[in-house]
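The values are calculated or read from the model by the stated rules, or taken from the named source; none is laboratory data. What you see is a predicted model; the values in this text were computed from it and never measured. Using ideal geometry, Cβ is built from the backbone for each residue, glycine included, and neighbour counts are taken over all protein chains shown.
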Amino acid sequence: MAGTASPDRNEGTVRIPLIGIACIAGGRIGLEQALEDLRGVTSTYVNPVTESAHLQIDPWRFDVERAVEVIERFGVRVPT
């Protein structure tokens, strides 16, 4: 599977670096909503300036590989 991100985890927060966020299909808000629909995600913020997604999560329920799949569906890459 493409994209095995190693996010920075800290007290229920995950930061996922993004490549190609400026060309996002569906918009930043669409990506945020799609990520918030994932199990274990309570809130998200996608920052095009820092090229990263910030997620508040339940670490016991969150699946980073699933988040990477969602991100890649929007045409954005996650560095490995």
Exercise. Among all residue pairs at least 6 apart or on different chains, which show Cβ distances below 8 Å where the first residue, located in region 1-30, is modelled with pLDDT under 70 and the second is part of a strand (DSSP E or B)?
Worked result: 3/77; 5/16; 5/17; 7/14; 7/15; 7/16; 8/14; 8/15
For this session: Would you mention how many residues in region 52-65 are surrounded by 15 or more Cβ atoms within 10 Å (Cβ to Cβ) and not small (Gly, Ala, Ser)?
Result: 6
Exercise. Name the pairs: first residue in region 47-59 and under 18 Å from residue 20 (Cβ atoms), second residue assigned to a strand (DSSP E or B) and not hydroxyl-bearing (Ser, Thr, Tyr), Cβ to Cβ under 6 Å, at least 6 apart or on different chains?
Worked result: 52/15; 52/17; 53/16; 53/46; 54/15
